[in-house]
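First comes the structure, then the notes that go with it.
Nothing in this text is a laboratory measurement; each read-out follows from the coordinates by a stated rule. The model shown is predicted, which means the values in this text are computed figures rather than measured ones. Here Cβ is always computed from backbone atoms with ideal geometry, including for glycine, and neighbour counts include all displayed protein chains.
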Amino acid sequence: MIAQAQEARVSRWSILLEQHGALSLFVSRVDHARFERAWFAREALALPPQIAVSVRKRQAEFFHGRLCARAALLQHGQQSGDVPIGASREPIWPAGLIGSITHNHTLAAATVLPRSLYAGAGIDIETVMDAEAWKGMIDIVLTDAEIDYMRTLAHLAPFGLMMTLVFSAKESFYKAMFGTVKRFLDFSTIGLTHVDLAKRSLSFRIMDRECAALQGSDHCKIAYKIIDERTVCTAFIW
């Protein structure tokens, strides 16, 4: 029983958003080696058909993500932890709530907020890219102007870390906006303009007119957290 409790443990972390204060994240360690599909039944979590036929790695990450979502929902008085999958694989939250789920190979996390106060929320956890990874993605994720600006920060942080933070921030923005715009947003939707290492925030210009109109501004700030030397997390709410 002790081992099972550890496997299903969810911790509460926070990430500081400059304009909104501390955002609660519910986080669980993903243990691929020990995961068993029976954990869904043990924790009374739904196992959707498309996840049931997926590989074990995907099942483990989905399980821990939904485990975190259930913990986040409980903070809002929701007794059911089930979060169905939408047509575009997005999580479907109960009426009156918004949220976001994320995972990488070692961590899963979720956050939930009241829809009466916020229109969208996005969080993203990423493993810091090595040189091979970021060189293969740089032309997809960054504009020439972003690359030039990031090179001016070379004396402050490794390029792989900065590249991962910007990639993750754009993922968080996309997740936060998707519930409203209901369409694909590419990496050029927002462009990096400033990195504040002291406040741990990234500033972007919003290039998409619809997103800017919804925001009421053509600028946004996305918070980040360095979890460890290999893992980062970003968060954006509007």
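Some notes on this structure:
- Quotient of the Cα radius of gyration of the range 128-237 and 2.2 N^0.38 Å, N being its number of residues: 1.02.
- Paramagnetic reach from Thr180 (point 7 Å along Cα→Cβ, amide N under 16 Å) across the range 206-223: 206-222
- Checking [x] 16.0; [y] 13.3; [z] 25.2 against mean projected area of the Cα convex hull in nm² calculated from these atoms, the matching label is [y].
- Electrostatic tally near Phe167: other residues with Cβ closer than 9 Å to its Cβ, Lys and Arg +1, Asp and Glu -1, net -2.
- With respect to the chain, whose longest principal axis is taken over its alpha-carbon atoms, helix 159-181 is tilted by about 70°.
- Max mean-square fluctuation residue, GNM over the chain, Cα-Cα springs under 10 Å, options Leu73, Leu197, Leu17: Leu197
- The lysines within cross-link reach of Lys170, meaning a Cα-to-Cα straight distance under 22 Å and a gap of 8 or more places when in the same chain, are Lys135, Lys182, Lys199, Lys221, Lys225.
- Ranking of Leu67, Leu185, Leu117, Leu47 by count of other Cβ atoms within 10 Å, fewest first: Leu117, Leu47, Leu185, Leu67
- For the options Ala71, Ala133, Ala87, a Gaussian network treatment of the chain with springs between C-alpha atoms closer than 10 Å singles out Ala87 as fluctuating the most.
- Nearest-ten-degree value, helix 56-74 long axis tilted from longest Cα axis of the chain: 90 degrees
- Taking every alpha-carbon pair under 8 Å whose residues sit at least 6 apart, the chain reaches a relative contact order of 18 percent.
- Selected from Ala154, Ala46, Ala212 as most flexible by GNM, with the chain as the system and alpha-carbon contacts under 10 Å: Ala154
- Divided by 2.2 N^0.38 Å, where N counts the residues, the Cα radius of gyration of the range 2-118 comes to 1.04.
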